[in-house]
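Okay, structure first, notes after.
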Amino acid sequence: MWPVHRLDKATSGLILLAKTKQACAYLSKLFAERQVEKFYLAICENGLKKKQGKVSGDMGKTRNGSYKLLKTNENPAVTQFVSKGLVPGFRLCLLKPKTGKTHQLRVMMKSLAGSIVGDKRYGGKTSDRLYLHAFAIKFEFKEQVFKFSAPPKEGDLFQSSEFNVQSQDWLTPWLLKWP
C-alpha cells in the first residue's frame, strides 16, 4: 500500500491509499492537478469574521515554524467554507480546500479569528483533541467516480448530540452549493 497524500499529525480522518505504484502515481497526479475534492470538518471558536465564503492568500513561515496568511496571491492557498452555530462559543465548519499546503486549514481559520479548537500552534482553545477531521473525498479513477466519507469517532464535541444534528446537512458535501 502506498499513501497518496498526508494529513497533519493531529488531524484525524480519511487517508487515500493506493494498492499499486502505478495507481499511486496516477492519484498523486490528480491531487497535484486539483482534481480531487476534499472536505474537512472543524470546530472553531465563535468569533469568525465571516460565516461562509472563500479565503485565499499566500502562506509564509514565521519564526516559530508556524505559518501565516499573507496579503499576496502569487501562489495562494485557497479554501472555501461554510459554518453554523454548534453550542455557545463554538461553530461547526465544513472546509473545502482547493490547494493542499502545510497547515493551510489551520492558518485559514486563524486568519478569520476562529482558531480550530485544540490547535495549540495557532491559538485554539485547549481541548481533548484538535477538532479538524478529514471527512470526505471525491475523485475519478479509471472512468469511475469514487466518493468516501468517514465521520469523526473521537472527541467530546464531535460526539455531542448538537454535532450530530448540525452535521446532517453535510453528509454528502459534494452535492452542496459552495459560496
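The values are calculated or read from the model by the stated rules, or taken from the named source; none is laboratory data. This structure is a prediction, so every number in the text was calculated from the model and none was measured. As a convention, Cβ positions derive from the backbone with ideal geometry for all residues, glycine included, and neighbour counts pool all protein chains shown.
Below are the figures for this structure:
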| item | result |
| --- | --- |
| Every residue from the stretch 128-169 that is in contact with a Pro (Cβ under 8 Å, 6 or more places away or on another chain), among the hydroxyl-bearing types (Ser, Thr, Tyr) and closer than 15 Å to Leu92 by Cα | Ser167 |
| Checklist (1) in contact with a Lys or Arg (Cβ under 9 Å, 6 or more places away or on another chain); (2) modelled with pLDDT of 95 or more applied to Glu162, failing item | (1) |
| Lone unmet requirement of (1) buried (at least 16 other Cβ atoms within 10 Å of the Cβ); (2) small (Gly, Ala, Ser); (3) within 18 Å of Phe39 (Cα to Cα) for Ala150 | (1) |
| Near pairs, Cβ below 9 angstrom, 6+ apart or cross-chain, from the stretch 167-179 (within 16 Å of His133 (Cβ to Cβ)) to any residue that is part of a loop (DSSP other than H, G, I, E, B) and among the hydrophobic types (A, V, I, L, M, F, W, C) | Ser167/Phe158; Trp170/Leu176 |
| Flag for Leu30 being more than 27 Å from Glu154 (Cα to Cα) and not in a strand (DSSP E or B) | yes |
| Close pairs (8 angstrom Cβ cut-off, 6 or more residues apart or separate chains): acidic (Asp, Glu) in the stretch 132-147, not in a strand (DSSP E or B) anywhere | Glu140/Leu30; Glu140/Gln35 |
| Those strands (runs of 3 or more DSSP E) lying entirely in the stretch 73-151 with at least 3 residues farther than 17 Å from Leu14 by Cα | 77-85, 90-97 |
| Every pair of residues 6+ apart whose Cβ atoms lie under 8 Å, when the first sits in the stretch 59-77 and is without any contact (Cβ under 8 Å) to a residue 24 or more places away in the chain while the second is of a type in the set (Val, Ile, Thr) | Pro76/Thr99 |
